[in-house]
1. Set the Förster distance to 25 Å, then compute FRET efficiency between Val142 and Phe192 from the Cβ-Cβ distance, nearest 0.05.
2. For Leu247 and Glu171, what is the calculated FRET efficiency with R₀ set at 35 Å and r taken between the beta-carbons, to the nearest 0.05?
3. Give, in nm to one decimal, the length gained when the segment between Lys239 and Val71 is fully stretched (0.36 nm per residue of separation minus the Cα-Cα distance).
4. Can you give the Rg to Rh ratio for the stretch 165-253, taking only C-alpha atoms and Rh from Kirkwood?
5. Measure off 7 Å from each Cα along the Cα-to-Cβ vector at Phe149 and Asn225, then give the distance between these two points in nanometres to one decimal.
6. Determine the per residue accessible area of the stretch 45-187 with all protein chains present and a 1.4 angstrom probe, expressed in square angstrom.
7. Over all Cα pairs of the stretch 96-253, how is the pair count split among 10 Å bins, expressed in % and running from 0 up to the last occupied bin?
8. So, R0 is 41 Å and r is the distance between the beta-carbons of Thr179 and Tyr159; what FRET efficiency does that work out to, to 0.05?
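The values are calculated or read from the model by the stated rules, or taken from the named source; none is laboratory data. Bear in mind the structure is a predicted one, so any value in this text is a computation, not a measurement. All Cβ positions, glycine included, derive from the backbone under ideal geometry; neighbour counts span all protein chains shown. Surface areas here come from the heavy atoms of the whole protein model, side chains and all, with no ligands, DNA or RNA. Shrake-Rupley method; radii C 1.70, N 1.55, O 1.52, S 1.80 Å.
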Amino acid sequence: MVLLLNGYEKLRYKIYAIFDLLIKIIMQQQLYTLLVALSIGFVTPILGQHGNYQISNGFGVMGGITQYDIVTDNFITTKGNGFIGGMSATADLPHRWYNVSFGMQLSENHLEISGRGASLGPSGQEIEYKLFAAQVALLMHVKVIENHFLIDLGPMIQYNGKMELKDKNQENYFIDNYTNLTAKDITNISQFHFNGAIGASVGVRQFKVKAQYIYGFTNILQKLNKKDLDTSGMEDDFKGNQSMLALTAIFTF
């Protein structure tokens, strides 16, 4: 039990040290150094002591709804609704103007892409896709009003599956903007991404409502460029960035 507690204390101070360094680097706008520092921080044990801090830890469970889209010039898209759930571990730092948390969330997202049933048929028919995603986030929570109103921001790593057609009968539909590109041709998108998240949480210590916006900095359609697809009608490379709005409720224990 003593070894377990010692290990927990080291992990807690490690998280504190990483975020302390993170904030200093952000203030100096040294993005490259920030990414290197985060990478080193996660693989290098921090053995030094940081004083006697009264750190209060919490465990949160969250769930809610999402609105998802891919921002791209290649396709004509329509935002779709989905759902999200997850959990997080929070370190409350009473001597600081921010808290920190490490969390994971799972989501099922939906969007529609405009297409047509036949190559020369009428356009504008909605082809619905769904996308499962897992996201790991390291967030800072600025205390605007302590325990009641927080501004949340930080980096996020994502893994997602392929885009799945909700209606398999539409897999041979043609995508608008292209002559011969079909709905099934664009399902195998890139799966690893780096995102940024910003939002706000309102409530009390044990319960808050959070609105969060997540933007994908990496090209979610990049993998399509490596395939031998018929892109006649639009010769530009595939490029798109995901955009997600999540509205959730969080219970903290």
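1. Values: r = 29 Å, r/R0 = 1.14.
Once rounded, the FRET efficiency stands at 0.30.
2. 0.65
3. Contour length minus Cα-Cα distance gives 59.6 nm.
4. 1.16
5. Reported label-point gap for Phe149 and Asn225 is 4.3 nm.
6. Per residue, the stretch 45-187 has an accessible area of 48 Å².
7. 10, 33, 26, 17, 11, 3, 0
8. Efficiency computed from Cβ-Cβ geometry: 0.80.
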